[in-house]
Structure formats: structure tokens, C-alpha cells
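A.B. asks: Sharing a structure here in C-alpha cells format.
The values are calculated or read from the model by the stated rules, or taken from the named source; none is laboratory data. Source: prediction; values computed, not measured. All Cβ positions, even for glycine, are placed from backbone atoms using ideal geometry, and neighbour counts span all protein chains on display.
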């Protein structure tokens, strides 16, 4: 049992950090990324071991004001606590930098991503201290049926264990300078970005209209095809009649037969059916409020590579390539006075390939402002010039993009059959020749691939250019691909995160809304007032340059971004 005082203002003294935990009554698990419910209590465990519990809402602001003098606030899953606290009291002071955050969950991921899969408080307490916590109080807290003494002890335990975990992690990070840099400069600051994200607005009328159209198209196509496209048995039988024998009717298998009228029809009808079931009326009812505003949850580190993830709803899965029309429905909440800004890093992963490989041909292409896919195709096929419409450019593009993911001849064949059906006499063997020739023409890239795999095998981890560590399970299928993939994917997000954090600080300094609504892989989306467009474009540029300098200082490869603005998310294609 941990000692604590109730409803007393904490004594800061010489404490360098305070572990903080918030408990709320009446919350829905599906909406924890949105402020709601009632304040239950705030528990605090200071560096010196003194503990405080605040269950009087009137004391919350004075307590947080005092805690401002503690250099570092420590949380477990800081995004949740700060989103809720931000709605209950003032924790962001105008005119001064945002408070330094330390998130034990993010720290554990930066230390052990790919090694462990679970990063909850319960997991870490058991991992480090051999203690099994009782963490089954959610329903009792939600319904306010929990005994007050039990709630108090539960809350204090959470804060104390969070403090103890930070102390263990601090020692580990002191011995891992690169992970400490990623945590302190990239991931922990990103919590404030998520806390300050604005909801995005969707055009509910046009969304519903499209759902009706998609349902009609699916029905019409199925009538023409004469099968229920969602029935593997019916599709397989019809394929056999068409002279195509397959083991299954999954999209990856059907993609190998792209160009066949029946196959293309099945895939198209399925796409319409899926759009109706996934992005129909039910999507609006669940995620959009009466004004069409959608507030999604974004996780600072949602993938092993360090990439962010999104849920409730997953905005990263909104169709873009196959059904780009959906992006037209994401519009400005300011109406005619607003504008959507979309910016992304230009050819980010090929640039990271050039950086990691130090390939002179790739570096020269980027420094000369060439289209890298055309440059690869020219080198690959020994050409002086190549048009963007030339199918060989598509070969160069697919190899250049896929090589970082361990692209195989089978994978290249499938990609080209779907994206470049005009290429004649294409075979898996021919695709292997393309890959072999690529490595001959770009030997530094081949050396990079071999080096990453060797390092992954030897160290059982790889790092991004910024130093993010991702552990590799060398006994798992596909571990070699992971060695190539993670430094590229993680390297990209190591640039995206500080880009948005610098933008947050610059907009605060300028006294204008943050404006950021979505982070979609290497893309940022803002919703701002038209009168401030030029200001935001300037700050986006300044923030990007700062992020590049942080993530890849003195890079021989130039990193640039592209930006568009207009009436909807579709303004940049």
C-alpha cells in the first residue's frame, strides 16, 4: 500500500519529474480519444516518492499550475491523459513552449519495438518487477460503482508504477543515446500534436449519394457477370469455365489475372460492395457528428516501424488510389472561407534508399531535380531519355519503390500486370531479369540491402537514419524483408513527426490555430481559413526544413515536399 495525501497541493521542491495519472468516470472505450465523461481523480507520484491524490475538480487547475514548475511530466499513454486534461483545465500556456512530456509507453516502444508486442502498464510492471497488477476496474470506474478507497489506491498505484518504470527506462536510455534522441526529440513531442489535432469535416450529403451509386454499380455489375462476387464457390466455378484455375479467389490471386474481363469485373464489383459496407451510411452514423465533423484517434507509434496508426475511424484506410472520389468529401469546416492544405514528402522512400545506400546515380538524380523513376528506367535500359508514358518507366518505378521491401520477381510481376498491363510478354523470369539488372546498375543499393540484412541478423535489430531501433526476430518468416523495410518506413516517420511538431510550435507562436486534421503516412492535411493560407504555407515550409535538419542532418540527398490546396482533401493528387 502506497502512502498518499488527498486534495493537497503538491510540493515541487527539487523534483525533476512527476508521474501523473488521470481517472475518469463514464467513459466509452471507443471514444477515449475524445474528451468526455466526468473527472474522478488525478494521482501524482513525485520523483522523491511523495504521492498525492486529487479528487476535487476545483483543485485540478491549481495543481496543474504548480506542476508546471516540475521540468518533466511523466505519463503512461500520455495522449489519453492530456486529451482529457486539456478539456478539464489549462495545460497549454500561451506564449511559452509546451511542457516536456515523457511517455513510458512510447519509451518502451522506442527501446523494444519488434521485441515485445505489449506495452501496457500491466505488461511493463510484470516485465520489470515481476508483479501482476489488477487492471480490471474499467467497468466499475465507468459506472461509478467502484469503492472510493479502492479507486484511490488503484489510481495511486498507477502513478507510482509509472514513476518506477520511468526510473528503469531512464537507465536504459542513458546507455542507448540514439533511442534516447528519438524518444526525446521525435516521439514524446508528438503527443502534443495528437492532443491538438482538429476534427475533419466530411460532406455527409455527397457521401450518402456515393453510397447509393456504389450499391447500384455493384448490383449492375453482378447482374452482368451472372455470379455473386462475394461467393468464392461461384467465382471459382466461373473462372474454371473461363479457363482459369485458382486455389482461392482472394484479390491477390485475381490480380495475377488482371486484364481478363471476368476477373476485372469481379474485382470492380467487390470494390463497390466493400465501399458500401465499409464506407456507407453506417460509417457516417458511427463517426460523424451532426455537423459532419469526424475526430479520429491517432497513435503516436502504432506500428513496429514507428509509423503512426489511426482508428475510430481509421482515416489512413480511406480509399485513395482505387476510389479517389472519397477524398473529395473531406472539406473545410469553414465553408467558403476555408481551404484544405495537403503536403507530403516527394518520393520519400527512394530518397531514403539513396541516403542509406549512398548510390551516386540516385543521389545525382535527386540533386539534379530529375524524376527518379525516369532516372532509374534510363539507367536500367540504357536510354538517354524516357517519356513518363513509357511502360519502362513503370518498371523502374516499381523496382525503385519495391526494392526497400524485398521485392521479389513474383511481386514485381503481379504489380506490373495490374499497373502496366500494356507491357507485352511479361513473365516472372523476365521480372527477375529486371531486378538482377537493377542491382548490376545500382551496386550500392545491392550493398545496402546486404548490409541491412547482415546487421539485422548480427544485432537482431536495425535502425533508421535518425537512430530509431527496431528489433528483428530472425526466426520469423520474412525477417530479411523487415531488415530492409523498417529503416525506410521508420525513416519516413522520423521526418513526419517533427515536421508537425515544429508546425504546432510555430502556429502557437503566431497566435493562429494549429489547423492539422490528419496524418496519413507521409502526408499532412490541414483545414485553415483562406485569409491565412500564405502564412500556413510559409510555416509548413519552415517546419519541414527544421524536421529534415533534425532527422537527417547534413544529408547528401535533398528532401523536398509537395503541397497543394483547394476545396477538399483531393486537391493534391
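A.B. asks: Please specify each residue of region 64-91 satisfying the condition of being over 30 Å from residue 482 (Cβ atoms), in contact with a helix residue (DSSP H, G or I) (Cβ under 8 Å, 6 or more places away or on another chain), surrounded by fewer than 22 Cβ atoms within 10 Å (Cβ to Cβ) and without any contact (Cβ under 8 Å) to a residue 60 or more places away in the chain.
C.D. replies: Within region 64-91, 64, 88, 89, 90, 91 qualify.
A.B. asks: Read through the list (1) out of contact with any strand residue (DSSP E or B) (no Cβ under 9 Å at 6 or more places or on another chain); (2) closer than 30 Å to residue 498 by Cα, then give the number of the only condition that residue 162 fails.
C.D. replies: So the condition that residue 162 fails would be (1).
A.B. asks: Only strands (runs of 3 or more DSSP E) wholly contained in region 294-381 count here; list those with 3 or more residues that are within 14 Å of the chain's Cα centre (by Cα).
C.D. replies: 297-299, 309-311
A.B. asks: Across region 450-479, what is the number of residues that are in contact (Cβ under 8 Å) with a residue 60 or more places away in the chain and surrounded by 17 or more Cβ atoms within 10 Å (Cβ to Cβ)?
C.D. replies: 12
A.B. asks: Quick check, is residue 241 more than 30 Å from residue 90 (Cβ to Cβ) and modelled with pLDDT under 95?
C.D. replies: Spelling it out, residue 241 is indeed more than 30 Å from residue 90 (Cβ to Cβ) and modelled with pLDDT under 95.
A.B. asks: Within region 121-162, track down each residue that is under 29 Å from residue 463 (Cα atoms) and without any contact (Cβ under 8 Å) to a residue 24 or more places away in the chain.
C.D. replies: Across region 121-162, the qualifying residues are 122, 123, 126, 127.
A.B. asks: Going by the conditions given, is residue 14 modelled with pLDDT of 95 or more, touching a helix residue (DSSP H, G or I) at 6+ places or on another chain (Cβ under 9 Å), more than 16 Å from residue 142 (Cβ to Cβ) and not in a strand (DSSP E or B)?
C.D. replies: Answer is no for this residue.
A.B. asks: Looking at 112, 116, which one is in the same structural domain as residue 135 (by TED's automatic domain parsing), without any contact (Cβ under 8 Å) to a residue 24 or more places away in the chain and surrounded by fewer than 22 Cβ atoms within 10 Å (Cβ to Cβ)?
C.D. replies: 116
A.B. asks: If you check 133, 173, 106, which single one turns out to be outside any helix (DSSP H, G or I), at negative phi and buried (at least 16 other Cβ atoms within 10 Å of the Cβ)?
C.D. replies: Testing whether each residue is outside any helix (DSSP H, G or I), at negative phi and buried (at least 16 other Cβ atoms within 10 Å of the Cβ) leaves just 133.
A.B. asks: Run residue 282 past the list (1) over 25 Å from the mean Cα position of the chain (by Cα); (2) part of a helix (DSSP H, G or I); (3) free of Cβ contacts under 8 Å to residues at least 24 places away in the same chain and report the number of the one that doesn't hold.
C.D. replies: Answer for residue 282: the failing condition is (1).
A.B. asks: Among strands (runs of 3 or more DSSP E) lying entirely in region 31-84, which contain 2 or more residues that are closer than 19 Å to residue 153 by Cβ?
C.D. replies: 38-46, 51-54
A.B. asks: Is it fair to say residue 101 is free of Cβ contacts under 8 Å to residues at least 40 places away in the same chain, touching a helix residue (DSSP H, G or I) at 6+ places or on another chain (Cβ under 6 Å) and surrounded by 15 or more Cβ atoms within 10 Å (Cβ to Cβ)?
C.D. replies: no
A.B. asks: Any residue at all in region 259-274 that is assigned to a loop (DSSP other than H, G, I, E, B), in contact with a helix residue (DSSP H, G or I) (Cβ under 8 Å, 6 or more places away or on another chain) and surrounded by fewer than 18 Cβ atoms within 10 Å (Cβ to Cβ)?
C.D. replies: Checked region 259-274: at least one residue is assigned to a loop (DSSP other than H, G, I, E, B), in contact with a helix residue (DSSP H, G or I) (Cβ under 8 Å, 6 or more places away or on another chain) and surrounded by fewer than 18 Cβ atoms within 10 Å (Cβ to Cβ).
A.B. asks: Okay, moving on. How many residues are touching a residue at least 60 places away in the same chain (Cβ under 8 Å), farther than 11 Å from residue 341 by Cβ and assigned to a helix (DSSP H, G or I) when one looks only at region 545-573?
C.D. replies: So the answer is 3.
A.B. asks: For region 411-436, name all the residues that are in a helix (DSSP H, G or I), surrounded by 15 or more Cβ atoms within 10 Å (Cβ to Cβ) and over 34 Å from the mean Cα position of the chain (by Cα).
C.D. replies: The one that is in a helix (DSSP H, G or I), surrounded by 15 or more Cβ atoms within 10 Å (Cβ to Cβ) and over 34 Å from the mean Cα position of the chain (by Cα): 430.
Residues are listed down the side, and each one gets a yes or a no for (1) touching a residue at least 12 places away in the same chain (Cβ under 8 Å); (2) not assigned by TED's automatic domain parsing to the domain that holds residue 270:
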site	(1), (2)
167	no, yes
186	yes, yes
199	yes, yes
214	yes, no
